[in-house]
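The values are calculated or read from the model by the stated rules, or taken from the named source; none is laboratory data. This one's a predicted model, so the numbers in the text were calculated from it and none came from an experiment. As a convention, Cβ positions derive from the backbone with ideal geometry for all residues, glycine included, and neighbour counts pool all protein chains shown.
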Amino acid sequence: MRPEDSAIARIRPPLHGRGAGLWWGALGVIAFSFTMPFTRVAVEDGAMSPLFVGSARAVLAAVLAGAALAVTRQRVPRGTQWVRVGIVAAGAVVGFPLLTSYALTGVPASHGAVVVALLPAMTAVMAVVRAGERPRPWFWVAAGVGALAAVSFAALQHGGLGAAGAPDLLLFAAVIVCAIAYAEGGLLSRELGSWQTISWALVLAAPLMLVLTGIAVVDTPPEGTAREWAALAYLGVISMFLGFVAWYRGLAIGPIARVGQVQLAQPVLSIVWAGLILHEPITWTTIVGGAVVVACALLAVRTRGSAAGRPAAGIPSGVSGSVAE
């Protein structure tokens, strides 16, 4: 086997230009920040079912990803890499879009943005578990307080912990499965490339998502307005593909820990867009809840990055996921 045929030989070193990395990362975060509001637009009046919105957006993104992989002649995953691509697909392509689509039929987009703001901290936790790292105690304190803040916010919005319903459970489940996918994707991207990893995940999940789209169309034929179809197009083209291209480009330029922290602005932007696009009232509970969760996520990400030292198992220090899907 020639050296250039090996996975190691195909791993590209980090690019240069910190300013460019931050700009690319910010562009990706801006793209992702519209995901919650536009998902709410697509499902709010019932003309499009959550199953259709969650699956059709992935099919659309898979078409673009497959074309990009073919045109650029990317290396096909081998052996156990397909299993790991499957983990990324299960969380980021299948789980997160479907779970959030169903959740946002019952809660406002701003509410979803606050709960999902827990994702960076949860991703850091999953990366620590995956890499076998031993971060400082403050890491676990920050992650725990962030989780408690998100749960408390959800409970207060519904009048008590016992009143928190299915939408919140779906949102928390979405955070967990997506965090697992991002942690594994952070490792796998060292072998396959950054945007290539999510692209292969989209392609792998495409047959299942196509079947689910067909089931959704038969069960509830979509009859959305032009606004709702435009929202679905955005979710497929921007949220699930082009946003990832920009985001992973920024991470590739790096430094990863610094660029990854740009993601913490995403829930704030999502809440703003929910107010402007959906005219949702932005309450003090939403503002305070979002601020606490984002602050805890920032502390967890930064504490892990400073304490990790040399990352284990190839996961970059400060690896972070974005709320894409």
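Among the residues of the stretch 212-223, what is the count of those that are surrounded by 12 or more Cβ atoms within 10 Å (Cβ to Cβ), part of a helix (DSSP H, G or I), in contact (Cβ under 8 Å) with a residue 60 or more places away in the chain and not polar (S, T, N, Q)? Before the answer, list the steps.
We begin by selecting, within the stretch 212-223, every residue surrounded by 12 or more Cβ atoms within 10 Å (Cβ to Cβ); these are 212-217, 220, 222.
After this cut, where a residue has to be part of a helix (DSSP H, G or I) as well, the list is 212-217.
Retained after the next criterion (residues that are in contact (Cβ under 8 Å) with a residue 60 or more places away in the chain): 212-213, 215-217.
If we keep only those that are not polar (S, T, N, Q) too, we end up with 212, 215-217.
Residues that pass the stated criteria total 4.
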Exercise. Please enumerate the residues belonging to the stretch 43-89 that are surrounded by 24 or more Cβ atoms within 10 Å (Cβ to Cβ) and of a type in the set (A, V, I, L, M, F, W, C).
Key: VAL43, MET48, PHE52, VAL53, ALA56, ALA58, ALA61, ALA62, ALA65, VAL85, VAL88, ALA89
Practice problem: Determine whether the stretch 179-200 contains at least one residue that is at pLDDT below 80, surrounded by 20 or more Cβ atoms within 10 Å (Cβ to Cβ), among the acidic types (Asp, Glu) and over 18 Å from VAL293 (Cα atoms). | Solution: no
Self-check item: Qualifying residue in the stretch 224-242 (condition: closer than 25 Å to SER189 by Cα and outside any helix (DSSP H, G or I))
Solution: no
Self-check item: Cβ pairs under 6 Å, 6+ apart, first in the stretch 163-185 and assigned to a loop (DSSP other than H, G, I, E, B), second not acidic (Asp, Glu)
Solution: ALA164/ALA154; ALA164/ALA155; ALA164/HIS158
Quiz item: Residue check: is SER55 outside any loop (DSSP other than H, G, I, E, B), in contact (Cβ under 8 Å) with a residue 12 or more places away in the chain and either farther than 28 Å from PRO207 by Cα or of a type in the set (A, V, I, L, M, F, W, C) (or both)?
Solution: no
